[in-house]
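Shown next, in structure tokens, is the structure this report addresses.
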Amino acid sequence: MRAYFAKFCPMIDILLPAFIALASLYIAVNILLAIGVLKGARCRATASPFVSVIVAARNEEAHIPELVEHLRKQDYRHHEVIIVNDRSTDQTGHLLKAAAHDFSTLRIISVTEPSEDMPAKKHALECGIKASKGEILLFTDADCLPPVRWISSLVRCFSESTGLVAGYSPFREKGKPRISGVLLEFVRYEELRAAIWTAGSIWWRLGWLCTGRNLAYRRAVWDEVGGFEKIKHSISGDDDLFLQLVRRTTAWKIRYVSTNDGHVPTAPPPTFGDFVNQRTRHFSAGKFFTIPMKAFFTAYHGANLLLYVGLVVGLLTGNALLVGAFEAKLAVDFFLMGAGLKIDNSPMQFLASPLMEFLYLCYNVTMGALGMRGSFRWKT
């Protein structure tokens, strides 16, 4: 069989320089990300500013009781909790009013009409921010369970020069998971992979991504960039597009909190279809990334795909360079996920990385295409 494919060797030799360049890009990026994760310093600020925790909730009756209990137990004293009831038609409003009777720091803001020019979630968050009193604004989602030291952990990251802090939001679920098997492990892996991108790039002062389920920034930062006004054209992006705006247009430093106390667990999507819809919505913000960023991510994921193709071609033609390049990829992937243990110390994520990396490649190609189309369900 190799004799048959040997006739393609001259063509392969012509394409080798491009292959080596792209493979080198992939390997270099992963090494740099790993270094950024490993070098991320622990947060040691000692100030105790007043904090506003802001949550946008629309038809979240299934999650409000647990969310309120977790926010009630926070050990940081100088704070308020603002939950924005965004036009809910279920029992969300009733549950919030009941909780407010013995939760003195809870404030409820009701949104009764949609904004004419601001996407629904951004509008709800904007209402919460305008009503807030905090110097530091913390954000999470209604289906999340912030641990008792969550506020304290993020506040410790705010030195005088720090304007924004991003954190990890792993998928965890008590009891029997609604999704299971390989899909559940991949959902967890993909979230950790996103956290590695976030932590690693932030250390290099090139932050691109973050999650709104665990995010904090100064009120002064919000005012300086003009709130969501410059990114209101995207339904999604109250997190990563906002982070990019802060990085590009201000002098504030951005940091990442990787300690367990700063993690905000959330339940995984209940079905595969819900996962696809959620991720399509997240990827839709990519339409508004800068052209250099789009080119970079295309080259990175294209290089990953090319390394798999190179492995097949190398095995068929006996080209040791192509096979060796894939072996180097595997080594670097293990190095990257090993660094990721600093964020999430689950050994399963590390051991399953070869399979998960292949699924991750397929996922990014598919979700990227779906996200650019912008077809997904959303709470309007």
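The values are calculated or read from the model by the stated rules, or taken from the named source; none is laboratory data. The structure presented is a predicted model; accordingly, all values stated were derived computationally and were not measured. All Cβ positions, even for glycine, are placed from backbone atoms using ideal geometry, and neighbour counts span all protein chains on display.
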Practice task
List the number of the failed condition for S284; all other conditions in (1) on the phi > 0 side of the Ramachandran plot; (2) in contact with a Gly (Cβ under 7 Å, 6 or more places away or on another chain) hold.
Solution key: (1)
Completion exercise
Those residues of region 12-46 which are polar (S, T, N, Q) and at pLDDT 90 or above amount to S24, N30
Practice task
Could you tell me whether region 96-106 includes any residue that is closer than 26 Å to A285 by Cβ, free of Cβ contacts under 8 Å to residues at least 40 places away in the same chain and in contact with a Lys or Arg (Cβ under 6 Å, 6 or more places away or on another chain)?
Solution key: no
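Taking the conditions exactly as written (within 18 Å of I35 (Cα to Cα) and out of contact with any strand residue (DSSP E or B) (no Cβ under 6 Å at 6 or more places or on another chain)), does A220 satisfy them or not?
It is false that A220 is within 18 Å of I35 (Cα to Cα) and out of contact with any strand residue (DSSP E or B) (no Cβ under 6 Å at 6 or more places or on another chain).
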Fill in the blank from the handout: Filtering region 202-234 down to residues that are assigned to a loop (DSSP other than H, G, I, E, B) and more than 12 Å from the chain's Cα centre (by Cα) yields W204, R205, L206, G226, G227, F228, K232, H233, S234
Practice task
Tell me which of these A285 doesn't satisfy, since it passes every other one: (1) in a helix (DSSP H, G or I); (2) in contact with a Phe, Trp or Tyr (Cβ under 9 Å, 6 or more places away or on another chain); (3) of a type in the set (A, V, I, L, M).
Solution key: (2)
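Quick check, is K121 touching a Lys or Arg at 6+ places or on another chain (Cβ under 9 Å) and of a type in the set (K, R)?
Criteria met by K121.
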Practice task
Confirm whether F296 is within 22 Å of Y363 (Cβ to Cβ), modelled with pLDDT of 90 or more, out of contact with any helix residue (DSSP H, G or I) (no Cβ under 8 Å at 6 or more places or on another chain) and crowded, with 16+ Cβ neighbours inside 10 Å.
Solution key: yes
Fill in the blank from the handout: Out of (1) surrounded by fewer than 17 Cβ atoms within 10 Å (Cβ to Cβ); (2) part of a loop (DSSP other than H, G, I, E, B), the one V182 does not meet is (2)
Practice task
State whether one or more residues within region 344-367 are outside any helix (DSSP H, G or I), out of contact with any strand residue (DSSP E or B) (no Cβ under 6 Å at 6 or more places or on another chain), within 27 Å of Q244 (Cβ to Cβ) and touching a residue at least 12 places away in the same chain (Cβ under 8 Å).
Solution key: yes
Practice task
Scan region 56-82 for residues that are among the small types (G, A, S) and modelled with pLDDT under 95 and jot them down.
Solution key: A62
Exercise for the section: Would you check which residues across region 252-281 are touching a Ser or Thr at 6+ places or on another chain (Cβ under 6 Å) and in a helix (DSSP H, G or I) and list them? Expected result: D261, G262, R281
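For every residue, the table says whether it meets (1) closer than 26 Å to K39 by Cα; (2) at pLDDT 90 or above; (3) among the β-branched types (V, I, T).
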site: Y300; (1), (2), (3): yes, yes, no
site: A325; (1), (2), (3): no, yes, no
site: K329; (1), (2), (3): yes, yes, no
site: D344; (1), (2), (3): yes, yes, no
site: P354; (1), (2), (3): yes, no, no
site: G368; (1), (2), (3): no, no, no
site: G371; (1), (2), (3): no, no, no
